[in-house]
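Trainee: To start, I am sharing the structure in question, which I have written as structure tokens.
No value in this document is a laboratory result; all are computed from the given coordinates. Quick caveat: nothing in here was measured; it's all calculated off a predicted structure. Positions of Cβ are backbone-derived with ideal geometry, glycine not excepted, and every protein chain shown enters the neighbour counts.
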2 protein chains.
Amino acid sequence: MPVNKRAEPEAEKKAQLMAAARQLFVQDGYESTPMGRIAKAAGVTPNTIYWYFEDKDALLLAVLDELFQENMATFLTVARKPLAEQLLWLVQTLRGFSRLISTVHARVRESKPVDQWHSQFHSIVEQLFAMQLPQEMTQAAIAAEVRIAAFTVEGLVTHVLDDDAVRLTCQQLASRWARA
Amino acid sequence: MPVNKRAEPEAEKKAQLMAAARQLFVQDGYESTPMGRIAKAAGVTPNTIYWYFEDKDALLLAVLDELFQENMATFLTVARKPLAEQLLWLVQTLRGFSRLISTVHARVRESKPVDQWHSQFHSIVEQLFAMQLPQEMTQAAIAAEVRIAAFTVEGLVTHVLDDDAVRLTCQQLASRWARA
DNA sequence: GGTGATCTTGACTGGCATTTAAGAGGCGCG
DNA sequence: CGCGCCTCTTAAATGCCAGTCAAGATCACC
């Protein structure tokens, strides 16, 4: 039996709420945006959000998934460029969501779903990098280098740094693999 | 005019509150420990804490300062060992306070005092590392390497990893400077 | 033993996520 | 057509928490 033949299907309403949440999460940070503000931005009352999302955490995860999918698509554009450039692209892209990145790291401890999302995100991104490192390296060395790269990216994203510092750090990081 | 000739001088009471807060912050995390619980652990009412500390933030900073001083003293023990060992020591030490590290990074955005503390901490630690890198490197390269090291340490501290992974990553990181 | 500074407390405020239960509106079936 | 049911929305309430306020209690010194 088909349900939901309303003017505005569930998926659409959900997307609206996510758009409002996303904008505020990115701009003001997850912790600093009350559900009430998201609701107002979407033109509903706070409780309505709870009909579409289990809780604030679920809303966060939905936004994270959306952002991930969008940027994964964009990544294909730079996937064949040199590693240093990919690194720089990644950092600059993530910098646009630095508050969200901080939030994820903060919430990993208290929210199992966020923890899982975070683990999966790391797995995918690290896999993507690992496969581009020189074949001569041992598995252990590759794993270590990947961690160094991942953590450096995170640091560059979450700390206040000027663009030069970011660029130089990416270059320095990549220079390691060029001559190996 | 001498004040505070009470049985329990201000400094002592402050230390008690800090001890209670520290234990709970490290164990449960700053965000998950209400002032009330700290108060109960110290045998007072929540409001008493506010006589000794401006707010929860100030209490956090006091604990951070204490931790920093204590561990800075211990650092002198390993200061002359090879860089890779210093790195490993640092990571293992900080891992004991990983929740606090996450909290600092999360709060940097909303609390100027925490931001300042964090900046100063980075300055000192990075300075300590920079001076041990090979003299032949350019200033820019040193700065970049230091950032890579600092961010890698942070990543190793705040992410869930087994000891082997931590050790291998430190070695790999340090191997860069050995042959330079 | 009174006076003022130092400390402690209970009661309160305001913000927030989330729950509960009561509505409003459309859909299909008799 | 109308009646009940599922879908959606809401107002009102709950409970937790950081922080404020104003009234005590305790002490140090005169």
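Trainee: Size of the dipole of the protein assembly as shown about the Cα centre, Lys and Arg at +1 and Asp and Glu at -1 on the beta carbon, nothing else charged, in debye to 20? Walk me through the numbers before you get to the answer.
Mentor: Working: 38 positive and 42 negative charges, 32 e Å.
Approximately 160 debye in magnitude.
Trainee: Once you have all Cα-Cα distances for the protein assembly as shown, histogram them in 10 Å bins from zero and send the whole-percent values.
Mentor: Percent of pairs per bin, in order: 4, 21, 28, 24, 14, 6, 2, 0, 0.
Trainee: Return the whole-Å distance between the Cα centroid of the range B:51-81 and the Cα centroid of the range A:160-180.
Mentor: The distance from the Cα centre of the range B:51-81 to that of the range A:160-180 comes to 31 Å.
Trainee: Then there is this: Hey, what number do you get for the protein assembly as shown at 222 nm if only DSSP H runs of n ≥ 4 count, each worth -39500 (n - 2.57), divided across all residues, to the nearest 500? If you can, show how the numbers build up before the last one.
Mentor: Details: 18 runs with 270 residues, N = 360.
Computed ellipticity for the protein assembly as shown at 222 nm equals -24500 deg cm²/dmol.
Trainee: A further question on this structure: If I take the rotation axis that carries chain B onto chain A, which residue of chain B has the nearest beta-carbon, and at how many angstrom?
Mentor: Nearest-to-axis residue on chain B, with distance in whole Å, is B:106, 2.
Trainee: Using the Cα centre of chain A as origin and beta-carbon charges of +1 (Lys, Arg) and -1 (Asp, Glu), tell me which of A:150, A:21, A:111 is placed farthest towards the positive end of the dipole.
Mentor: A:21
Trainee: Let me ask you something else. Using 1/(1 + (r/R0)^6) with R0 = 45 angstrom and r between the beta carbons of residue B:124 and residue A:80, what's the FRET efficiency to the nearest 0.05?
Mentor: Values: r = 42 Å, r/R0 = 0.92.
Computed FRET efficiency for residue B:124 and residue A:80 comes out at 0.60.
Trainee: Just how large is the dipole of chain A about the Cα centre, in debye to the nearest 20, putting +1 at every Lys and Arg Cβ and -1 at every Asp and Glu Cβ? It would help to have the intermediate numbers written out before the result.
Mentor: Working: 19 positive and 21 negative charges, 36 e Å.
Charge dipole, chain A, about its Cα centre: 180 debye, nearest 20.
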